[in-house]
Amino acid sequence: MSKRVVVCTSCNKPIAPGESAVNFPCPSCGRVKIWRCEMCRELAKPYVCPSCGFEGP
């Protein structure tokens with residue numbers, strides 16, 4: 001059984017197990033889970049929902 005690699009929605013880098021990352025449903029549509037790595041959160045890099053195009057900080 002292979003595990004799915006989770007990537008940051010902002011920078012597209014893989015998120016390692018145990019890394020201080022967060023995930024939450026898209027604030028606009030709620031259909032997609034947004035993943036944010038620690039670095040992108042600290043730098044407030046923007047992300048775009050792949051489903052509805054919502055842009056967040």
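Only the coordinates and a few stated rules stand behind these numbers; no lab work does. Keep in mind it's a predicted model, so treat the numbers as computed, not measured.
Coupling constants for the range 40-48 follow from the phi torsions by the Karplus curve (6.51 cos²θ - 1.76 cosθ + 1.60, θ = phi - 60°), and in residue order they are 5, 5, 4, 8, 6, 5, x, 10, 10 Hz; glycine and proline get x. Distances between placed amide hydrogens fall under 5 Å for Tyr47 paired with Gly56, all partners being 5 or more residues away or on another chain. What is the diffusion coefficient of the chain in µm²/s, taking the Kirkwood radius over Cα pairs and the Stokes-Einstein relation at 37 °C with a viscosity of 0.692 mPa s? Value of D from the Cα-based Kirkwood radius: 282 µm²/s.
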